[in-house]
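Note sheet for the following structure.
The values are calculated or read from the model by the stated rules, or taken from the named source; none is laboratory data. If you're wondering where the values come from, they're calculated on a predicted model, not measured in any experiment. Heads up, the Cβs are rebuilt from the backbone with ideal geometry, glycines too, and the neighbour counts pull from every protein chain shown. The area values use the complete protein model at the heavy-atom level, side chains included, leaving out ligands, DNA and RNA. Shrake-Rupley method; radii C 1.70, N 1.55, O 1.52, S 1.80 Å.
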Amino acid sequence: MEKLHVFNTLTRSKERFVPLQEGFVGMYVCGPTVYGDAHLGHAKSYVSFDIIVRYLRYLGFKVRYVQNITDVGHLTDDADDGEDKLQKQSIAERKEPMEIAEHYTYTYFRDMDALNVLRPDISPRATGHIPEQIAMIEQLLEKGHAYPADGNVYFDVTSDPDYGKLSGRKLDEAESGTRVNTAGDKRNPADFALWKKADSSHLMQWPSPWGPGYPGWHIECSAMSSKYLGRTFDIHGGGLENQFPHHECEIAQSECAHGQDFVKYWLHNNMVTLNGQKMGKSLGNAISLQQFFTGNHPLLTRSWSPAVIRFFLLQSHYRSTTDFSEQALEAAESGLKNLTSILDTLMKSPDTGKGAHFDTHALQAELEAQMNDDFNTARALAVLFDRLKPLRTAVTSGQIPVNMAEVKDLLSRFTVDVLGLQQTENIPADGTEKLDAALQLIIELRAQARKERDWPTADLIRDRLAAAGIRIEDGPAGSTYKID
RNA sequence: GGCGACAUGGCCGAGUGGCUAGGCAGAGGUCUGCAAAACCUCGUACGGCGGUUCGAAUCCGCCUGUCGCCUCCA
């Protein structure tokens, strides 16, 4: 595709992406609730939207990327018998709720940094926007879309004829569902809480016109997105499981409060599964990213680097489920190692040579065509493998394209800036030159030994270096080394 | 029960009405003192049953299976 198209959940179709304001994109993605370590599912979601932000910027859009931090614990349901997860965790760890939130906010960003996920431009905290949320609830009350009930405030879904437009759910259908409980003071089972009354045992609470309490789950995203991106903005993203009720409720609140469209494009990433089951915190089958990075989990036989996790995720489409297995990770690791090696060779080659001109425009068009088709990273990677292998063959045989500088520039922009892959091998930065000098000497001595057909010495050098993690590779133009 | 997805070769995983996805693993070969790397060649896959079509893995219907949402959740 020549122009960017995205799959919009709202219309269930791929649409040409045209921002509301030319050249600018406002994007909001639902962030984590910070009461536990981020797991592979978070990685799938945030790597996916990271790619989307990076690609939009590559295309020249000025993007403002907002991703909330939910540091208010929400109940497990809208009835009054649920647990507050942050509160539960704070009791378990014997810490203040804000200590819990602070700690897991820190680990969240630490793990995302490791995955090379760029930080959002704004990471608003729900607790830092209580007044904005209260103001929005008041607006909804004024317009007759909400009603107070014994210190609680509920959104009246029957007041919104559009309710259900995102998820395709109709109110009477939801009512017949077996799992909808009616809270005592709700008018309609589908009504959802905007504000919840807190009793004295509830640790996180704020004063409000309706008495002490805390905000409902959905209102924070409506309040914070409109504050930083305006009442109507371009992209709202999040995990597929949040489509209903969370995003549906966000739309209802925002559109009823503001009287205008909320979001132009809704993008949803699919789930990570483990043995075919969704990976989730509350399901107890989540493997945290730290556990992947350290290998410290019963289901893991070894550690896996963040770069491998990222590459593994990029090999499937963000709207497809990604089934996790160590076998799949292993394949991804080998594939990444290969691609990295190719890129490394190309990026280290001279800026120009005697080889034929390389058609960078064709390659760029091919890569963009894939990314323009709803961010098809899997195909973009296939293009890289396809086109770069022959190029490496040319380069290693001395046929460096005359416009190699141009090639390197494109590769850097696409693989480093857009895909977020590391283009060079993991050579320790410190003392690299001295190490290189030493290795060059060793290689020279080994070359001498080989010349004298002293195979035992040559092989001893190679084996001992290999044992130290340095691979010697003999080629027609001499030997090179790679550090694993 | 309601709504919605998906089912691809040993594994992962794209995709289009007819033409090679790609990665990983595997087999054979070239090169090499050996090894590694690289390069060349190789699998003719699309859940089942019907239908539309000159032609379908790709469109339609039915069936089977798996999963997601309907409760906190990326």
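Quick notes on this structure:
- Cα-based helix-to-principal-axis angle, A:248-258 vs chain A, degrees rounded to 10: 60 degrees
- If R0 is taken as 41 Å, the Cβ-Cβ distance between A:Asp261 and A:Asp323 corresponds to a FRET efficiency of 0.70.
- Rounded percent of accessible protein surface that carbon and sulfur make up, region A:28-136, 1.4 Å probe: 48 percent
- Peptides A:333-341, A:293-301, ordered by how many other C-beta atoms sit within 10 Å of their residues on average, highest first, read A:333-341, A:293-301.
- Theoretical FRET efficiency, 1/(1+(r/R0)^6), r = Cβ-Cβ of A:Ala468 and A:Phe385, R0 41 Å, to 0.05: 0.85
- Average Cα contact separation per residue, region A:325-418, under 8 Å, 6 or more apart, as relative contact order %: 44 percent
- Mean-position separation - Cα centroids, region A:269-283 and region A:26-72, in angstrom: 18 Å
- Solvent exposure of region A:290-446, expressed per residue, is 48 Å² of accessible area, with all protein chains present and a 1.4 angstrom probe.
- Anchor A:Lys281: lysines whose Cα lies under 25 Å away (excluding residues fewer than 8 positions away in-chain): A:Lys44, A:Lys85, A:Lys88, A:Lys95, A:Lys196
- Other residues with beta-carbon under 13 Å from the beta-carbon of A:Leu10 carry, at +1 per Lys or Arg and -1 per Asp or Glu, a net charge of -3.
- Sequence-distant contacts, meaning Cα pairs under 8 Å at least 6 residues apart, place the relative contact order of region A:5-273 at 24 percent.
- At full extension, A:Lys62 and A:Gln21 could sit 13.7 nm farther apart than now, given 0.36 nm per residue minus the alpha carbon distance.
- Chain A: angle of helix A:40-58 to the longest principal axis, Cα-based, in degrees nearest 10: 80 degrees
- Of the peptides A:435-441, A:272-278, the ranking by mean beta-carbon count within 10 Å, highest at the top, reads A:272-278, A:435-441.
- In chain A, the longest principal axis of the Cα atoms and the axis of helix A:455-467 are about 10 degrees apart.
- Those trypsin sites (Lys or Arg not before Pro) in region A:183-246 that DSSP places in a loop and that have at most 12 other beta carbons within 10 Å: none
- Chain A, relative contact order [Cα under 8 Å, separation at least 6], %: 16 percent
- Rolling a 1.4 Å probe over the protein heavy atoms of region A:325-418, with every protein chain left in place, gives an accessible area that is 51 percent carbon and sulfur.
- Estimated at 0.36 nm per residue, the fully extended path between A:Arg392 and A:Glu2 surpasses their Cα-Cα distance by 137.7 nm.
- Just the protein heavy atoms count here, and of the accessible area of region A:432-483 at 1.4 Å, carbon and sulfur take up 56 percent.
- Mean Cβ neighbour count within 10 Å, used as a protection proxy, ranking A:463-475, A:370-382 highest first: A:370-382, A:463-475
- Spacing of the two label points (7 Å from each Cα toward its C-beta) at A:Lys434 and A:Asn296, in nm: 3.3 nm
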